[in-house]
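Readers should treat all values here as calculations from the given coordinates under stated rules, not as data from a laboratory. What you are looking at is a predicted structure, and each value in this text was computed from that prediction instead of being measured. Heads up, the Cβs are rebuilt from the backbone with ideal geometry, glycines too, and the neighbour counts pull from every protein chain shown.
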Amino acid sequence: MSAATQYYIATIVVYICVNVIGAWGLDLQFGVTGVLNFAFILFQAAGAYTAAMLSLGPASASGGFQHYLVGFKLPFPLPLIGAMLVGGALSAVIGLITLRRLRSDYQAMVMLVISVVATVVAESVVGLANGSAGLSLIPNPAKSLTGLTLQTQNWLFVGLCVALMLIVGVLMYGLVYSPYGRVLRGVRENEAAVEAMGRSATRARLQVFIIGGALAALSGALLAQFIGAWAPSEWLYPETFVFFTAVIVGGRGSISGVAIGAALVAVGIQQAVQYMPIGSDPTLLAALEWIITGLLTLIFLWLRPQGLLPERRRRYLRRVKTGFAATKLQESAGT
Amino acid sequence: MAVFISAVGFGVVTAAILAISAVGFTLQFSVTNVFNLAFGSVMTLSGFVAYWLNHAGLNIWVAMAAAAVSGGLISLAINEAIYTPFIRHGLNLFGMVIVTISVAVIFDHGLQAAVGPTFFSYTAPAGKAFRFADFVLTRQELIIVGIAVLLTILVQVALQYTRVGKAMRGLAINASLARACGVPTRGVIALAWFVSGVLAGVGGVALFLDISTFTATTGSEFLIVIIAAAVLGGIGSPRGAVLGALVVGIVTEVGAAYWNAELKDVLAFGVLIAVLLVRPQGLFSRLATERAIAR
Amino acid sequence: MTGKWKSFGIAVAVVGALGIAACGSSSSSSSSGPKGNLEFAVFHAFSGPNAAYGPEAAAGCYPAIVEINAAGGILGHKVHCTPVDSKGEPADAVPAANRMIASSSSLVGVIGGGSNEATAVVPLFQQAHIPIFSTTGQSSFDHNTASYFWRILSPDSAQGSAMAAAAKKLGITRAATMFGNDIAAQGSAPSAIAGVKRLGLALPASQTLAVGQSSYRSEATAMSNAKPQAIITEADPQTSATYFSELSQVGQVPKLITDPVSQEPNWRKAMGGAIGTTLLNKQDYAVVAYSPATLPAYKVFTSELMASAKHVPNPSQWNADLYSVADYDSAIIMALAMDAAHSDAPGVYNRYVTKVTAPSSGATIVHTYAAGKAALAHGKHIQYVGAVGPVHFNQWHNAGNAFAIERYVNGNWKVYSLITAAEINAAAGF
Amino acid sequence: MSVSDAGEAPVFDSVSAGYGGHEVVHDVSLAVGQGQIACIVGPNGAGKSTLLRAITGDAQFLGGRVWLGGEEISRIPSNRLIKRGLAWVPQVDDVFTTLTVRENLELGGFLLPRKGVAARVDELLDTFPLLAGMTSRVAGRLSGGERKLLAIARALMPAPSALLLDEPTAGLSPEMTGLVLQNQIPRLSASGVAILLVEQRALEAIAVSSRVHVMVSGVIRASREAHEVTDWDELARVFLGEQ
């Protein structure tokens, strides 16, 4: 296999790992617990920026062409841990604002606005993370190991991503199928029943918001270290939609399903579209990619709302499907 | 002082443009409960209808009226063809949010594929400028502000005093009871979608005239500011949407005049978040509170 | 089949289908075109907010291959342009670049890599030993050490200094600045502002705008009140159009000292719609790389551009676009380097790039691929003087251009005045 | 009782109802005489409210027929029922909380001719003097009793021939319960409206009713003329399902 092919495959594997970890974070919030986090991409970005700044040296040392808040030059794995902490902390702050007193779809609106605010801040306050140009020269932990070929370093990073994905996956299984996981699904299905059991639904939501935020941050940190650059253009709010599609296609609440969904939607569609024999106009291909993502969401919500690999607990799924209608008024208006 | 007055004046102009769309967004949400993120796409699509007519030689205000009608029809069609079937299918509230964002993505990128990633402008002279100290208004801006004031008052009066307006408000809070009163809910809902689309059409053309150039995604890009205005004012309240638009407009312009042009948006959104912290239901909260959107 | 297995079956089927789609066509894509063809990739944003960059670069590549193929191709090979979408962001550009490198065995050079994605993808091309001719303006490449990276146009910092120098040259004593906070404009803003101050001009207003707002009336009013004789400006089409249309309503639009962005069709379309083409043409002083329309290579470029209508819709819109012109030169330079190296292997011909562009005594000056190929065939040294003028790469593979002020007169860009290196250095403080 | 016997009043003929295809109410037949009050009493979860909701479109109508004024109304859209003279007051969500008292009444008269609405509102304000002093107050701010009166007044706006009341005294204070149950409802029936009343407070309901139906587990266990209900032990046994 040529070096180029190896590198391409490595890239795809890293992207799959990153997206799977991120999609699991969203699944915990949206799939398992029913929290509609439309600012999701913001937490991925927070992780990426944090990892970048923790691993970069001081701004003045890197040639002075980029400006950012701090540069600590910390060794692996501290930037990743720091990213998760910041992602979780930011989630806690935003969760406290939005989760306590707003209805689910309204939370979504407010978080959408917050996501846009964050982009505007990042672009406007240049000293924060170099404005719209973003950060570059972000160190890759595998490449700091000397005496290895580029190829080996690359596969080392792939190994790191795969290992982290597996660890997160095991933790996800532990969490989702524990008694605590039942509480989370309870929050999604029947908040009143959870409250009646003496558990606070709001607290549970906040907890998954924080855990999911930390996972999003981890995925962002890995991505930033892999590509070596991170800028506001990478986390515009429509990107969140891709993760939602991944969870819906894979199967809300299903850990293996969401992993497949993330691989297919976040990585697969993009790669597959490039190979489509419909001429070579890249603008059309990109449009097609988004249109396919949108159509896939609609098709799955209509034909297979439980996703490719449905959540194990069918009892809940039936309720999801026949559950309360969005607007009874529209539903029964025609009857 | 002159700077302040002119900044407030400019804020009112910005607010007027945002208010048309914000009222449309909030009205449709209050009646149908669907957070329609494809609202921005309706703005753009009808903006293009006006563009084609305008470049075929039609006066911009006539084109705007055509955009209003087409906006209403597009909005109605989206609801009938996509949203209502999904709701009948049993999709819940936040499932619908995802459906609307899917529709927006499909529309925007479909349109971009059709018209290309380039910029479009109407041919419409700004007209004579009216000057009061630093505060300058062109004839075109004056007409837009006039249209905005007229439309928002019209919506408000219709909701407050007409039979169908009351039915709409009743439907918004208690659909089953509205049916008990004999309200043909399906028709009223269709009307709400149509009116919302009309406002999207007019709001889109007004916005595109104001920013003087637009692309296939401009409507969706500005939707967030429009939602922010609606949320700030208290979702579901047309009065609130106008007030929210005024706050957003004036804060951004005053912020730009006195503080930092680059951060004026941050300032406006900061006000929104501060309001949400204290009063999550927004400024005019009745519907939001009664519908348990915010506690 | 139980429900669980059925679901699993569906999942497998979908994965399989995607896999087949990918495999099936990867073979077809690598064998696209007759055997032995060479490929230049146009690697740029074709979608997203900067979707106009891609077509702009393609409008440089296609005329070049018309020219090259008409002269019999490179070392007997026909050449293609392959547009690849970077989406203008690193996270999408990296897999796109890797896929392109892996899937195309005939890829010999890359035209592209804009400011948004260059820092992320240049290391990839470096690692793959494929030359990339970039139009990024980012100053992180001012001291570039990647041997496969080449930059024909001056960096943003030099552009900013040149704009300040132009203000002085135009006899302006009060020059305001207005820059968007987008990535392209932020490169040149600091040096332009510093230049204005350094040259002793009054700076009555210096604005940085959040791009894509619904109104800049307060900012425009402040600018109008500052009464500058000229505004040094760079912002995306949308922001520029909104701002200047509002400025024209509250007051006068003074002279505009703009950058090459103002030669892009999208910017002109948006601004023309906003303030009218007459006013725009009257006030616009574009500070761009010096490329007199009389340069022979430029004339070849424009005629080959018209011959590229099959791949470049509405080609004439690009004929004054400096980025298209520079990308044309990039392709010709790579082709000449291959001829000089007698090899289309990127790892070999990359070292010949400077050899076909650097001035040296006895070198034959050529303006077209055909002439260069012929001269090389006769064993001569050549210096390609391109459509942007002479291209002198320094040790960091940057080619500083001479700058000129251009004005749009009777449907053509005309050089209004040259800005000398000394004038730019004065603005830059060298 | 056959359809023709009932005249204008509603007749239920073997009605089954439920939710999501699941049958809760089985084969219920009953009729309400014009100007009379019929009450359905029974333990919690017996399906009393479900029966009413099946008519108003808030539960599934699974079988049988309902007649009003000699016309079948079983499956017509709920917003057309009022045209046939059938009004109802749900147990909860019984007013438009964001509208004022006056607007609630006006919306109740949605089908009246435009000119007649104001006069009809005044008439009902005379009937419910408690509401007259608070016409511009938002309904969401009313007390439970005021709210229920408004709900009943709203339902009466189009002058229906039959009225379905779903537990009108739920959550009301004893005084208000008395006002609604012993005062307002009998007055209504005296004016000629046929009233079908579902009540938890069985004794009070029976006291004002002309006919009593005891419903247990979705079926009518016993039907009596109200004045015949003297044997309270028997009633208790029926309630407990021991017939």
Problem - Within segment A:6-25: backbone nitrogen closer than 12 Å to the A:Gln151 label point (7 Å, Cα to C-beta) - result: A:6-7
Fill in the blank from the handout: Semi-axes a, b, c in Å (a largest) for segment D:10-239, each sqrt of 5 times a Cα gyration tensor eigenvalue, come to 28, 20, 16
Handout entry: Peptides A:284-297, B:30-43, A:88-101 ordered by average Cβ neighbours within 10 Å, highest first
Key = B:30-43, A:284-297, A:88-101
Problem - Two-site FRET efficiency, D:Asp27 against D:Gln182, from Cβ-Cβ distance with R₀ of 35 Å, rounded to 0.05 - result: 0.60
Handout entry: In Hz, Karplus ³J(HN,Hα) per residue of segment A:287-296 (6.51, -1.76, 1.60; θ = phi - 60°; x = Gly, Pro)
Key = 4, 4, 4, 5, 5, 4, 4, x, 5, 4
Practice task
Count, for each residue of C:100-108, the Cβ atoms from other chains sitting within 10 Å of its Cβ, then give me the mean as a whole number.
Solution key: 3
Fill in the blank from the handout: Mean-square fluctuation maximum in Gaussian network of chain C, Cα pairs under 10 Å, restricted to C:Ala235, C:Ala202, C:Ala166, hits C:Ala202
Exercise for the section: Mind listing the long-range amide H neighbours of D:Gly64? Cut-off is under 5 Å, sequence gap 5 or more, other chains count too, H placed in the peptide plane at 1.01 Å from N. Expected result: D:Ser16
Practice task
Using a Förster distance of 22 angstrom, determine the FRET efficiency expected from the C-beta separation of A:Leu171 and A:Ser144, and round it to 0.05.
Solution key: 0.25
Practice task
Please give the average number of partner chain Cβ atoms lying within 10 Å of the Cβ of each residue in B:215-221, rounded to a whole number.
Solution key: 3
Practice task
Could you work out the mean count of beta carbons from other protein chains within 10 Å of each residue's beta carbon in B:122-134?
Solution key: 2
Exercise for the section: Could you run the Karplus curve 6.51 cos²θ - 1.76 cosθ + 1.60 with θ = phi - 60° over segment C:249-254 and give me ³J(HN,Hα) per residue in whole Hz, x for Gly and Pro? Expected result: 7, 8, x, 9, 8, x
Completion exercise
Bounding extents of the protein assembly as shown in its principal axis frame from Cα atoms, largest first in Å, are 128, 73, 51
Exercise for the section: Sort C:Arg351, C:Arg268, C:Arg217 so the one with the fewest other Cβ atoms within 10 Å of its own Cβ comes first. Expected result: C:Arg351, C:Arg268, C:Arg217
Exercise for the section: Taking 7 Å along the Cα-to-C-beta vector as the label spot, tell me the B:Asn260-C:Thr420 distance in nanometres, rounded to one decimal. Expected result: 4.1 nm
Practice task
Evaluate the distance, in nm, between pseudo-label points positioned 7 Å from the Cα of B:Tyr161 and of C:His392 along their respective Cα→Cβ axes.
Solution key: 7.9 nm
Handout entry: Two-site FRET efficiency, A:Arg100 against A:Tyr180, from Cβ-Cβ distance with R₀ of 22 Å, rounded to 0.05
Key = 0.60
Problem - Amide H contacts of A:His67 (H built 1.01 Å from N, under 5 Å, at least 5 apart or other chain) - result: A:Asn130
Completion exercise
Least to most buried among B:Glu80, B:Glu141, by other C-beta atoms within 10 Å and fewest first, runs B:Glu80, B:Glu141
Handout entry: Prolate/oblate/rounded call for segment B:102-222, Cα gyration tensor, a/c under 1.5 rounded
Key = oblate
Exercise for the section: Give the long-range amide H neighbours of D:Met215: residues separated by 5 or more places, or on another chain, with amide H under 5 Å away, using H modelled in the peptide plane at 1.01 Å from N. Expected result: D:Val41, D:Gly42, D:Arg221
Exercise for the section: Just round it to a whole percent: the fraction of Cα-Cα distances in chain B exceeding 26 Å. Expected result: 43 percent
Exercise for the section: Starting at the first residue of segment D:127-144, write each ³J(HN,Hα) from the Karplus equation 6.51 cos²θ - 1.76 cosθ + 1.60 with θ = phi - 60°, in whole Hz, x for Gly and Pro. Expected result: 5, 10, x, 4, 7, 4, x, 10, 5, 9, 7, 6, 4, x, 9, 7, 6, x
Practice task
For the pairs C:Lys78/C:Lys373; A:Lys73/A:Lys143; C:Lys169/C:Lys227; C:Lys87/C:Lys255, note any where the Cα-Cα span goes beyond 25 Å.
Solution key: C:Lys87/C:Lys255
Practice task
Quote to one decimal, in nm, the extra length available between B:Leu154 and B:Leu277 on full extension: 0.36 nm per residue of separation minus the C-alpha distance between them.
Solution key: 41.1 nm
Handout entry: Mean Cβ neighbour count within 10 Å, used as a protection proxy, ranking C:377-384, D:57-64 highest first
Key = D:57-64, C:377-384
Completion exercise
Summing -39500 (n - 2.57) over every DSSP H run of at least 4 in chain A, dividing by its residue total and rounding to the nearest 500, the 222 nm mean residue ellipticity is -21500 deg cm²/dmol
Fill in the blank from the handout: GNM on chain A, Cα springs under 10 Å; top mean-square fluctuation among A:Phe76, A:Phe65, A:Phe226 goes to A:Phe65
Handout entry: Cα-projected label distance for D:Glu225 with D:Ala207, points at 7 Å along beta-carbon direction, nm
Key = 2.2 nm
Practice task
Would you calculate, for chain B, the mean residue ellipticity at 222 nm contributed by helices, counting each DSSP H stretch of 4 or more residues as -39,500 (n - 2.57) and dividing by all residues, to the nearest 500?
Solution key: -25000 deg cm²/dmol
